[in-house]
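Participant: First, the structure itself, so that you have it in front of you.
The values are calculated or read from the model by the stated rules, or taken from the named source; none is laboratory data. No experiment lies behind these values; they were computed from the predicted model shown. Cβ coordinates were reconstructed from backbone atoms using ideal geometry, including for glycine residues, and neighbour counts include every protein chain displayed.
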Amino acid sequence: MDHGTSLLLGLEGVEVVGVSVGGPDGRTRIVDVGTSDPAASCCPGCGVRSTSVKERVVCTPRDIGYGDAPIMVRWNKIRWRCVNSECARGSFTEAIGQVPRRRRTTTRLRETIGRAIGDAARSVAEVAAGHGVSWHTAHGAFVDIAATALTDPAPTSVLGIDETRRGKPRWVRGGDGRWVRIDPWDTGFVDLAGDQGLLGQVTGRTSAVVIDWLAAQPAPFRDAIEYVAIDPAASYAAAVAVALPNAQLVVDHFHLVQLANAMVTKVRRRVTWDRRGRRGRSTDPEWANRRRLLMGRERLSDNKYQKMIADLRAHDPGNEIFAAYIVKEELRALLAMARSRPRVDDSQIRERLYRFLDLCAQVNVPEANTLARTIETWWPGICAFIRTQVTNAATEGTMKRPGFSSESDEGESETCLRSSVRRPATARYGWSTTVRPWKGAREQSRSALWRRSWGSVWKPCGSGATVTVRPTHTPTRRSRSSRRIADFAANWPNHAERTRS
Ligand SMILES: [Zn+2]
């Protein structure tokens, strides 16, 4: 056969010996190839070249497509006897770089599939169907490519740890026939100081999995970590204490505000039950104000605020709901010290904490006391947040990218076990995603530190001059909000009748 035909096929290690048209559909181009790589006749056990043919075998490795009609590569290869009497291997079949042993797909097809899934973020099932291979073959190809694309994470000074749900909770029958509830969660590790994005993801959300992942990282990586941002989760705190004893734990403010909001809702529901012996209805003033109660004071107009207070006073003689609202706003004011300029010193932070705890003690609402205890428990981490402004928001943003939380079948979850995903080049490979990764993810990782997103940033522009880039949260709006929080907080004693009774 003309050498040009082999060049056209372009499959290294083989040469074309004939092309015919046939196959089950009558239009498949069957390309018969023979081995041209001399190394193929060397025994894989001892490396000695064999000259003794045992038998001839035909295999049809699946290859990339070319043209409209299907192509079938038919490789007539030889099974050799090993001529080395000291070799344990009796015989072996030929193998080349493009078609290794026990592979039924060519290396170049596997690379094409892997890159289609990783680079173009196409679904495994769709790429598998497009190339006529099984789902598991396509996924295996993707995993191979991901393994080469992923490198060890570079050291970072701020590490974010957060959990994300992996699929819905469900019941499965265990080996002993009993039903077990599976509630799948993953833990992600995110670079909050740089732009590496997701550094790794492991199955589970226990201390053990966090400790294991950190232990698997090189010592310079662990030593470089100064701050670890987490949600108030005891398992993560315990893991950080063990694995990174020198790092400062920083508790995310967002979850603390969430806890405070939950506290307000609990108090409102309890008061409704106590007073009315039933759950809230739209005619109850506290129910009508339920969303307003969760809003920050600075987001309520004076009229709405006064109306809410009047409603609550008229229908909650114990003032418990309003007291809970004040406690929530006090906590927000405490956390808002992170943004105050000039920076607050430690004595100011302590004074504000005392004010919050003192208020909780005075109002003496059980739910507020619980919140106060939680704040006390987590205080070192909260104080670190106020001092450093490190927040876990970017971790959540990364973990909640559609590609990272997509519910997929069992096979696809295997990649998550081994994924150690990073941006920019490697982020695409971490997940066998059925959803295109969220485009805003990279931007979000940059706003890891509040000061980057809250203040104006000076940035050189094309002409060499510097221009001010104003982020979405404009300073004007922020300063007004802060002032209103401050004014509001200063007037607490006038509002808090309950504290006097
Ligand atoms: Zn041998």
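Participant: Taking the range 285-314 as the region of interest, how many residues are free of Cβ contacts under 8 Å to residues at least 40 places away in the same chain and in contact with a helix residue (DSSP H, G or I) (Cβ under 6 Å, 6 or more places away or on another chain)?
Facilitator: Summing the residues that are free of Cβ contacts under 8 Å to residues at least 40 places away in the same chain and in contact with a helix residue (DSSP H, G or I) (Cβ under 6 Å, 6 or more places away or on another chain) in the range 285-314 gives 9.
Participant: Can we say residue 68 is farther than 14 Å from residue 99 by Cβ and not assigned by TED's automatic domain parsing to the domain that holds residue 141?
Facilitator: In short, yes.
Participant: A further question follows. Just to be sure, is residue 31 touching a residue at least 24 places away in the same chain (Cβ under 8 Å) and away from the ligand (no atom under 16 Å from the Cβ)? Break it down stepwise before answering.
Facilitator: Working: touching a residue at least 24 places away in the same chain (Cβ under 8 Å): yes; away from the ligand (no atom under 16 Å from the Cβ): yes.
Considered against the rule, which asks whether it is touching a residue at least 24 places away in the same chain (Cβ under 8 Å) and away from the ligand (no atom under 16 Å from the Cβ), residue 31 comes out as yes.
Participant: One residue is enough: does the range 78-89 have a residue meeting the conditions more than 9 Å from the ligand (Cβ to nearest atom), assigned to a loop (DSSP other than H, G, I, E, B) and surrounded by 12 or more Cβ atoms within 10 Å (Cβ to Cβ)?
Facilitator: No, that holds for no residue.
Participant: Follow-up question, since we're still on this one. Would you mention how many residues in the range 369-381 are in contact with a Leu (Cβ under 8 Å, 6 or more places away or on another chain) and either charged (D, E, K, R) or closer than 28 Å to residue 271 by Cβ (or both)? Spell out the reasoning first.
Facilitator: Narrowing the range 369-381 to residues in contact with a Leu (Cβ under 8 Å, 6 or more places away or on another chain): 371-372, 374-376, 378-381.
Those left that are additionally either charged (D, E, K, R) or closer than 28 Å to residue 271 by Cβ (or both): 371-372, 374-376, 378.
Selection size over the range 369-381: 6.
Participant: Could I ask something else about it? Any idea which of 113, 117 is at pLDDT 90 or above, away from the ligand (no atom under 16 Å from the Cβ) and either β-branched (Val, Ile, Thr) or assigned to a helix (DSSP H, G or I) (or both)? Quick ask: steps written out before the conclusion?
Facilitator: On the way: 117 fails: at pLDDT 90 or above.
Exactly one residue qualifies, and that residue is 113.
Participant: Here's another thing I want to ask about it. Do you know which of the residues in the range 332-349 that are part of a helix (DSSP H, G or I) and more than 32 Å from the chain's Cα centre (by Cα) is surrounded by the most Cβ atoms within 10 Å (Cβ to Cβ)?
Facilitator: To start, the set of residues in the range 332-349 that are part of a helix (DSSP H, G or I) comprises 332-339, 346-349.
Now restrict to residues that are more than 32 Å from the chain's Cα centre (by Cα): 346-349.
Numbers: 346: 10, 347: 8, 348: 13, 349: 18.
The extreme case among them is 349.
Participant: Can you pull out every residue in the range 282-296 that is out of contact with any Ser or Thr (no Cβ under 9 Å at 6 or more places or on another chain) and either over 21 Å from residue 327 (Cα atoms) or among the charged types (D, E, K, R) (or both)?
Facilitator: Looking only at the range 282-296, we keep the residues that are out of contact with any Ser or Thr (no Cβ under 9 Å at 6 or more places or on another chain), and these are 282-283, 285, 289, 291-292, 295.
282, 283, 291, 292 - these are the residues of the range 282-296 that are out of contact with any Ser or Thr (no Cβ under 9 Å at 6 or more places or on another chain) and either over 21 Å from residue 327 (Cα atoms) or among the charged types (D, E, K, R) (or both).
Participant: Further question on the same structure: Could you look through the range 52-68, keep only residues that are in contact (Cβ under 8 Å) with a residue 60 or more places away in the chain and not small (Gly, Ala, Ser), and pick out the one that is farthest from the ligand (Cβ to nearest atom)?
Facilitator: Keep residues of the range 52-68 that are in contact (Cβ under 8 Å) with a residue 60 or more places away in the chain, which gives 62, 64-65.
Narrowing the set further to residues that are not small (Gly, Ala, Ser) leaves 62, 64.
Numbers: 62: 29, 64: 33 Å.
Taking the candidates together, the pick is 64.
Participant: Quick one: how many residues across the range 90-110 are within 16 Å of the ligand (Cβ to nearest atom) and in contact (Cβ under 8 Å) with a residue 24 or more places away in the chain? Full working, then the answer.
Facilitator: Kept after step one, since they are within 16 Å of the ligand (Cβ to nearest atom), are these residues of the range 90-110: 90-95, 101.
With in contact (Cβ under 8 Å) with a residue 24 or more places away in the chain added as a condition, the list becomes 91-95, 101.
Residues in the range 90-110 being within 16 Å of the ligand (Cβ to nearest atom) and in contact (Cβ under 8 Å) with a residue 24 or more places away in the chain: 6 in total.
Participant: With the requirement that a residue be near the ligand (Cβ under 8 Å from one of its atoms) and surrounded by 15 or more Cβ atoms within 10 Å (Cβ to Cβ), what does the range 34-45 give you?
Facilitator: Step one: of the range 34-45, the residues near the ligand (Cβ under 8 Å from one of its atoms) are 43-45.
Once the filter is applied, which keeps residues that are near the ligand (Cβ under 8 Å from one of its atoms) and surrounded by 15 or more Cβ atoms within 10 Å (Cβ to Cβ), the range 34-45 yields only 43.
Participant: Taking residue 49 as the residue in question, decide whether it is more than 24 Å from residue 20 (Cα to Cα), more than 9 Å from the ligand (Cβ to nearest atom) and modelled with pLDDT under 90.
Facilitator: Working: more than 24 Å from residue 20 (Cα to Cα): yes; more than 9 Å from the ligand (Cβ to nearest atom): yes; modelled with pLDDT under 90: no.
In short, no.
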